[in-house]
Amino acid sequence: MTTVAVDPRFDLTIERLIRAPRRKIWRAWTQPDLLQQWWIPAPMRTRVDHLDVRPGGAFVTQMSEDGTTYVPHTDSVFLVVEDERRLVFTNAVNSAWRPASPQPVAMTAEIILDDHPDGTDYRAVVRHGDPEQRTLHEELGFFDGWGSVTDALAALAETGGTSPDTTPMDHSRTNTGI
C-alpha cells in the first residue's frame with residue numbers, strides 16, 4: 001500500500017478506532033444500501049446514484065432534508081481501490097471524467113483501514129490543492145461533518161448493521177432511489 005505523507009498545511013485528517021473488523025467498514029463504504037445510512041450527517045438523507053468501486057468508477061450521491069427533494073452532494077471518481085484496505089476518490093474530476101470545479105472545495109479523500117487488536121484503525125485524509133482551500137473546508141465544519149459521519153459509520157459497523165460476510169458485493173451497482 002502506497003500512501004502520500006500528510007501535510008497539515010494542505011490536509012485534514014479524521015482518525016478513529018472502530019471496534020469492528022475492516023471487512024464490515026469496507027462493506028459500509030462499498031454497498032449503496034449501507035453507504036446511504038451514514039454518508040451524510042443526520043437528519044439529512046442520502047441517495048446513492050452510482051457507486052462503482054473500482055479505479056475510474058463513479059461515486060455519485062445526492063442529499064435531502066425532507067426525503068423527497070434531493071440535491072447533488074458528491075460527484076466524484078475513485079482513483080485507488082485496495083480491497084478492504086484503502087479507497088481514494090476525488091471530486092476534482094466528476095463521474096463523467098470531466099475536470100470539475102466543485103463547491104465549496106475540490107478535494108481528494110483517502111480512506112485507510114488498518115488492523116487493530118480491538119478492531120480497525122480508521123483514517124480519512126482529505127487533501128486540498130492549497131492551504132486556502134484546506135482552511136475554507138475546516139471553517140465550513142469539516143471536523144463536525146466528517147466527524148459525525150465517521151461516528152455514524154462506526155455505529156453501523158460496530159452494531160452489526162453491515163451485511164453478513166457471505167453477501168456478494170456488486171461493485172457496479174446503481175441505485176436510483178431509496
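The values are calculated or read from the model by the stated rules, or taken from the named source; none is laboratory data. These numbers come from a predicted model, not from an experiment. Positions of Cβ are backbone-derived with ideal geometry, glycine not excepted, and every protein chain shown enters the neighbour counts. Accessible surface areas use protein heavy atoms only, side chains included; no ligands, DNA or RNA. Shrake-Rupley method; radii C 1.70, N 1.55, O 1.52, S 1.80 Å.
Can you tell me which residues in segment 1-28 are within 12 Å of Glu84 (Cα to Cα) and in a loop (DSSP other than H, G, I, E, B)?
Restricting attention to segment 1-28, the residues satisfying the condition of being within 12 Å of Glu84 (Cα to Cα) are 1, 21-28.
Within segment 1-28, Met1, Pro21 qualify.
Pro43 passes all but one of (1) open to solvent by 60 Å² or more (accessible area, probe 1.4 Å); (2) more than 16 Å from Val77 (Cβ to Cβ); (3) not in a loop (DSSP other than H, G, I, E, B); which number fails?
The one condition Pro43 does not meet is (3).
Among (1) assigned to a strand (DSSP E or B); (2) under 22 Å from Ile14 (Cβ atoms), which single condition is Gly129 missing?
The failed condition is (1).
Only one of these conditions is not met by Met107: (1) touching a residue at least 40 places away in the same chain (Cβ under 8 Å); (2) touching a helix residue (DSSP H, G or I) at 6+ places or on another chain (Cβ under 9 Å). Which number is it?
(1)
Within segment 132-140, identify whether any single residue is in a strand (DSSP E or B) and on the phi < 0 side of the Ramachandran plot, and answer yes or no. Walk me through it before giving the result.
Start the filter on segment 132-140 by keeping residues that are in a strand (DSSP E or B), which leaves none.
Looking for residues that are in a strand (DSSP E or B) and on the phi < 0 side of the Ramachandran plot, one finds none in segment 132-140, hence no.
Which of the residues belonging to segment 8-34 are in contact (Cβ under 8 Å) with a residue 12 or more places away in the chain and farther than 14 Å from Ala154 by Cβ?
Step one: list which residues in segment 8-34 are in contact (Cβ under 8 Å) with a residue 12 or more places away in the chain, which gives 9-34.
Answer for segment 8-34, where residues must be in contact (Cβ under 8 Å) with a residue 12 or more places away in the chain and farther than 14 Å from Ala154 by Cβ: Arg9, Phe10, Asp11, Leu12, Thr13, Arg23, Thr30, Gln31, Pro32, Asp33.
Identify the residue in segment 1-33 that is more than 14 Å from Ala109 (Cβ to Cβ) and among the polar types (S, T, N, Q) and, among all such residues, is farthest from the chain's Cα centre (by Cα). Write out each step before concluding.
First pass over segment 1-33, keeping only residues more than 14 Å from Ala109 (Cβ to Cβ): 1-2, 5, 7-9, 16-28, 30-33.
Keeping just the survivors that are among the polar types (S, T, N, Q) gives 2, 30-31.
On the way: Thr2: 19, Thr30: 9, Gln31: 12 Å.
Of everything passing the filter in segment 1-33, Thr2 is farthest from the chain's Cα centre (by Cα).
If a residue has to be assigned to a loop (DSSP other than H, G, I, E, B) and open to solvent by 20 Å² or more (accessible area, probe 1.4 Å) to count, how many in segment 46-104 make the cut? Don't jump to the end; show me each part of the working.
In the first step, residues of segment 46-104 are kept if they are assigned to a loop (DSSP other than H, G, I, E, B); the result is 52-57, 65-70, 83-85, 91-92, 94-98, 100-104.
Narrowing the set further to residues that are open to solvent by 20 Å² or more (accessible area, probe 1.4 Å) leaves 52, 54-55, 65-70, 83-85, 91-92, 94-98, 100-104.
Looking only at that region, the number is 24.
Condition first: open to solvent by 70 Å² or more (accessible area, probe 1.4 Å) and within 15 Å of Asp151 (Cα to Cα). Now tell me which residues in segment 1-40 satisfy that.
Correct list: Glu15, Arg16, Arg19, Gln37.
Of all residues in segment 55-81, how many are over 14 Å from the mean Cα position of the chain (by Cα) and of a type in the set (D, E, K, R)?
Total satisfying the criteria: 2.
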